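All of the numbers you see were taken from the coordinates with simple rules; none came from a lab. Note that the structure is a prediction, hence the values are computed from the model and not measured. In this analysis, Cβ positions are derived from the backbone assuming ideal geometry, glycine residues included, and neighbour counts consider all displayed protein chains.
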Amino acid sequence: MSEKHTVKKKPIKKIDEDKGKLDEEEERIKLESLKKAGEIAKQVKEYIKPKIKVGCKVLDIISDTENKIRDLGGSCAFPVNIGLNNIAAHYTSPLKDDGLKINNDDLIKIDLGVHIEGYIVDTAFSINFNEDKKLENIIIATDTALEAAKMMIKPGINTQQLGKKIESIIKGFNYNPIKELGGHQIERWTVHGKKILPELGNQGGDIIEIGDIFAIEIFSSTGVGSVHSSNTCSIFELNPYTGRVPLRRKSSKRILGYINQNFKTLPFTDRWLLNEFQIGVTFGLQELIQQEKIRPHYVLAEKKGTYIAQTEETILITKEGYTQLT
């Protein structure tokens, strides 16, 4: 007579314990990675600020900043952005150096990100070389608004309330917040997460929860507070929602493989591809854009003659309120 064989079921309690241990380990890795990325970002800011002077080439500042991030053991979460005057976001030095330099009437913004295995921090600061009286408080405005937002932030608050406060402070200094830009949640391998932290009180918001990572990002402008997209682009990002598409160029296929392996869903610049590919970068990227495998991030700007300041810090939401990471 054959014996009946039964499969022994793993106790549910044991499964729950194993999952709990895994969750704890993941949370430990997340916190350690964020803290390391934040420390690197702080050191990089301290390192690069004294080096930013009138007459400096923008490419040199960007390259120096990106190299310092790598030297300290981090990875660039996105290409270092430098915005002069009316340029608000998404400018980085192009594949072919445009020779851009800092002049004695410039207001400069430096936006940098660091990641450790996809755990990201995002931070920005401004330096004003322009002695025009109308700009004397423009950086103070963004710094003050950021500190006020930090004082309010806690689990359960709607980010729309923060937007109202930010708008009130920026306008109180006689500048305008930029309606298309603002703070944002950060998720692993994603600089701009699902939740937003608006610059205006009449924009939609999201509920902040324990464990959320937020970049509080403030802009103040001497213009109308609205940016337009230019036709200039040196920053790109993989589109994870496009399936397999036919690619005619070998360079396109090789570049796509390199992006997947090295940047995943994080923004990158064509400059970074030159280290791996001596030729074919421009045409390869063009085909990938046409096939919607990658998305371009065009430079965003106010009208010429206006000036924009930016301040940004990354925080982790806790039961007590927040921990600042950058």
Taking amide H positions as placed 1.01 Å from N in the peptide plane, with prolines and chain starts having none, which residues 5 or more places from Lys101, or on another chain, fall under 5 Å of its amide H? Val58
So how far, in whole Å, is the C-alpha centre of region 190-217 from the one of region 109-162? 13 Å
What is the sum of charges, Lys and Arg at +1 and Asp and Glu at -1, for the other residues whose Cβ falls under 14 Å from the Cβ of Ile317? -2
Phi-based couplings in Hz for region 24-41 (Karplus 6.51, -1.76, 1.60; Gly and Pro marked x): 5, 5, 4, 5, 5, 4, 4, 5, 5, 5, 5, 5, 5, 4, x, 5, 5, 4
Which residue, Thr311, Thr282, Thr269, has the most motion in a Gaussian network model of the chain that connects Cα atoms within less than 10 Å? Thr282
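Test of understanding: what is the full-extension gain from Asn202 to Arg295, defined as 0.36 nm times their sequence separation minus their Cα-Cα distance?
Gain on stretching Asn202 to Arg295: 30.6 nm.
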Reach of Lys150 by Cα under 17 Å, taken over aspartates and glutamates that are not fewer than 8 positions away in the same chain: Asp122, Glu167, Glu199, Asp206, Glu209, Asp212, Glu217, Glu312, Glu313, Glu320
Using the Karplus curve 6.51 cos²θ - 1.76 cosθ + 1.60 with θ = phi - 60°, what ³J(HN,Hα) values do you get for each residue of region 234-239, in whole Hz, with x for Gly and Pro? 10, 10, 9, 8, 4, 9
Only one of the values (1) 21.2; (2) 19.0; (3) 21.8 was calculated from this structure for Kirkwood radius over Cα pairs in Å; name its label. (1)
Region 148-156 - phi-based ³J(HN,Hα) in whole Hz, Karplus 6.51/-1.76/1.60, Gly and Pro as x: 5, 5, 4, 5, 8, 6, 6, x, x
List the aspartates and glutamates whose Cα lies under 12 Å from the Cα of Lys53, skipping any in the same chain that are fewer than 8 positions away. Asp105, Asp106
Skipping prolines and chain starts, which residues have an amide H placed within reach, meaning under 5 Å, of the one on Arg295, given they are 5 or more residues away or on another chain? Glu237, Leu238, Asn239
Percent relative contact order for the chain, counting Cα pairs under 8 Å at least six residues apart, stands at 21 percent
In a Gaussian network model of the chain with springs linking alpha carbons closer than 10 Å, the residue among Lys264, Lys165, Lys133 that fluctuates most is Lys133
Just to be sure I understand: if I project the alpha-carbon convex hull of region 226-325 onto a plane and average over all orientations, what area do I get in nm²? 9.8 nm²
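Once you sort the root eigenvalues of the Cα gyration tensor of region 50-123 as a ≥ b ≥ c, which label holds: rounded (a/c under 1.5), prolate (a/b larger than b/c) or oblate (the other case)?
In terms of gyration-tensor shape, prolate.
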Within the set Gln261, Gln286, Gln160, GNM on the chain using Cα springs under 10 Å gives the largest fluctuation to Gln261
